[in-house]
Amino acid sequence: MSAYLDTHVLIWLCGNKPGRLSEPAIHAIQNHDLLISPAVLIELNFLQQIGRIIRNPLDLAKQLRMQLGVEVCKHSFADMAETALFETWTRDPFDLLIVSHAKANNYSLLVTQDEKIRRHYPKAVW
(Lines give C-alpha, C1' and ligand atoms only; values in the text may rest on other atoms or scores of the structure.)
Protein backbone atom coordinates (compact mmCIF):
# COMPACT_ATOMS: atom_id res chain seq x y z
CA MET A 1 0.00 0.00 0.00
CA SER A 2 1.13 3.55 -0.72
CA ALA A 3 1.24 6.69 1.39
CA TYR A 4 1.57 10.19 -0.02
CA LEU A 5 3.57 12.88 1.76
CA ASP A 6 2.22 16.40 2.03
CA THR A 7 4.62 19.23 1.18
CA HIS A 8 5.48 20.21 4.75
CA VAL A 9 6.23 16.59 5.65
CA LEU A 10 8.71 16.37 2.78
CA ILE A 11 10.37 19.60 3.95
CA TRP A 12 10.65 18.34 7.53
CA LEU A 13 12.09 15.00 6.42
CA CYS A 14 14.65 16.71 4.19
CA GLY A 15 15.54 19.08 7.02
CA ASN A 16 16.15 16.14 9.35
CA LYS A 17 13.32 17.19 11.67
CA PRO A 18 11.59 13.88 12.45
CA GLY A 19 10.62 15.27 15.86
CA ARG A 20 7.95 17.35 14.13
CA LEU A 21 6.18 14.16 13.02
CA SER A 22 3.56 12.32 15.05
CA GLU A 23 3.92 8.63 15.90
CA PRO A 24 1.18 7.59 13.43
CA ALA A 25 2.91 9.67 10.72
CA ILE A 26 6.24 7.97 11.41
CA HIS A 27 4.55 4.57 11.36
CA ALA A 28 2.94 5.32 7.98
CA ILE A 29 6.27 6.51 6.58
CA GLN A 30 8.09 3.41 7.80
CA ASN A 31 5.48 0.91 6.64
CA HIS A 32 4.30 2.09 3.21
CA ASP A 33 5.64 2.77 -0.25
CA LEU A 34 6.05 6.53 -0.26
CA LEU A 35 4.86 8.86 -3.00
CA ILE A 36 4.55 12.56 -3.59
CA SER A 37 2.11 14.16 -5.97
CA PRO A 38 3.75 16.20 -8.74
CA ALA A 39 1.80 19.09 -7.19
CA VAL A 40 4.22 18.90 -4.23
CA LEU A 41 7.10 19.73 -6.58
CA ILE A 42 5.18 22.71 -7.96
CA GLU A 43 4.34 23.93 -4.44
CA LEU A 44 8.00 23.56 -3.44
CA ASN A 45 8.96 25.64 -6.47
CA PHE A 46 6.58 28.42 -5.38
CA LEU A 47 7.98 28.25 -1.84
CA GLN A 48 11.51 28.60 -3.22
CA GLN A 49 10.48 31.54 -5.41
CA ILE A 50 9.07 33.46 -2.45
CA GLY A 51 12.07 32.63 -0.25
CA ARG A 52 10.35 30.23 2.17
CA ILE A 53 12.78 27.42 1.27
CA ILE A 54 16.26 27.62 -0.19
CA ARG A 55 16.81 24.24 -1.83
CA ASN A 56 15.68 23.29 -5.31
CA PRO A 57 12.54 21.09 -5.37
CA LEU A 58 14.24 18.42 -7.48
CA ASP A 59 17.12 18.26 -5.00
CA LEU A 60 14.67 17.74 -2.15
CA ALA A 61 12.84 15.00 -4.07
CA LYS A 62 16.14 13.31 -4.93
CA GLN A 63 17.24 13.38 -1.29
CA LEU A 64 14.10 11.56 -0.15
CA ARG A 65 14.25 9.14 -3.07
CA MET A 66 17.77 8.19 -1.95
CA GLN A 67 16.99 8.12 1.79
CA LEU A 68 13.46 6.69 1.90
CA GLY A 69 12.61 5.52 -1.62
CA VAL A 70 10.08 8.32 -2.15
CA GLU A 71 8.87 8.46 -5.75
CA VAL A 72 6.93 11.10 -7.66
CA CYS A 73 3.58 9.52 -8.44
CA LYS A 74 2.95 8.71 -12.08
CA HIS A 75 -0.78 8.11 -11.62
CA SER A 76 -2.86 9.59 -14.40
CA PHE A 77 -3.28 13.35 -14.22
CA ALA A 78 -6.65 12.95 -15.92
CA ASP A 79 -7.89 10.66 -13.11
CA MET A 80 -6.60 13.06 -10.48
CA ALA A 81 -8.19 16.06 -12.20
CA GLU A 82 -11.54 14.28 -12.47
CA THR A 83 -11.38 13.45 -8.76
CA ALA A 84 -10.54 17.09 -7.96
CA LEU A 85 -13.73 18.28 -9.64
CA PHE A 86 -15.75 16.77 -6.79
CA GLU A 87 -13.74 18.39 -3.99
CA THR A 88 -15.42 21.55 -2.73
CA TRP A 89 -13.87 21.95 0.71
CA THR A 90 -10.80 24.02 -0.29
CA ARG A 91 -9.72 26.79 -2.62
CA ASP A 92 -6.03 25.96 -2.07
CA PRO A 93 -4.94 24.45 -5.40
CA PHE A 94 -2.06 22.51 -3.86
CA ASP A 95 -4.18 20.91 -1.13
CA LEU A 96 -6.81 20.12 -3.74
CA LEU A 97 -4.35 18.42 -6.10
CA ILE A 98 -2.40 16.55 -3.42
CA VAL A 99 -5.55 15.13 -1.80
CA SER A 100 -7.09 14.32 -5.18
CA HIS A 101 -3.94 12.46 -6.21
CA ALA A 102 -4.05 10.26 -3.11
CA LYS A 103 -7.79 9.74 -3.51
CA ALA A 104 -7.55 8.87 -7.22
CA ASN A 105 -4.85 6.32 -6.40
CA ASN A 106 -7.12 3.90 -4.51
CA TYR A 107 -7.72 6.21 -1.56
CA SER A 108 -4.10 6.00 -0.47
CA LEU A 109 -2.94 7.33 2.86
CA LEU A 110 -1.81 10.96 3.01
CA VAL A 111 0.63 11.96 5.74
CA THR A 112 -0.24 15.53 6.71
CA GLN A 113 -0.46 17.78 9.72
CA ASP A 114 -2.96 20.01 7.91
CA GLU A 115 -6.15 20.02 10.00
CA LYS A 116 -8.44 20.99 7.13
CA ILE A 117 -7.18 18.10 5.01
CA ARG A 118 -7.55 15.72 7.95
CA ARG A 119 -11.17 16.84 8.45
CA HIS A 120 -12.06 16.21 4.80
CA TYR A 121 -9.93 13.24 3.75
CA PRO A 122 -10.59 10.13 5.85
CA LYS A 123 -7.29 8.50 4.85
CA ALA A 124 -5.19 11.41 6.16
CA VAL A 125 -2.73 10.34 8.85
CA TRP A 126 -1.27 12.42 11.62
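Probe radius 1.4 Å, ligands and nucleic acids ignored: give me the carbon and sulfur share of the accessible area of the chain as a rounded percent. Carbon and sulfur together cover 53 percent of it.
Gain on full extension, evaluated as 0.36 nm per residue between Met66 and Tyr107 minus their Cα-Cα distance, stands at 12.2 nm.
State, as an integer percentage, the relative contact order of segment 33-126 based on alpha-carbon contacts under 8 Å between residues 6 or more apart.
Values: 96 pairs, mean separation 22.7, N = 94.
After rounding, I find 24 percent.
Per residue, how large is the accessible surface of segment 58-126? Use a 1.4 angstrom probe and give square angstrom.
Numbers: 4020 Å² over 69 residues.
On a per-residue basis, segment 58-126 sits at 58 Å².
Enumerate the lysines that Lys116 could reach by cross-link, defined here as Cα to Cα under 24 Å, with residues fewer than 8 away along the same chain left out. Once the sequence-local lysines are set aside, what remains near Lys116 is Lys17, Lys103.
Approximating the spin labels as points 7 Å out from Cα along Cα→Cβ, the Lys123-to-Glu87 distance works out to 1.2 nm.
Summing Lys and Arg as +1 and Asp and Glu as -1 over all other residues whose Cβ lies under 15 Å from the Cβ of His120 gives a net charge of 0.
The values are calculated or read from the model by the stated rules, or taken from the named source; none is laboratory data. Since we're looking at a predicted model, the values are computed, not measured. Cβ sites come from the backbone with ideal geometry, for glycine too, and all protein chains shown count toward neighbours. Calculation scope for accessible area: heavy atoms of the full protein, side chains included, ligands and nucleic acids excluded. Shrake-Rupley method; radii C 1.70, N 1.55, O 1.52, S 1.80 Å.
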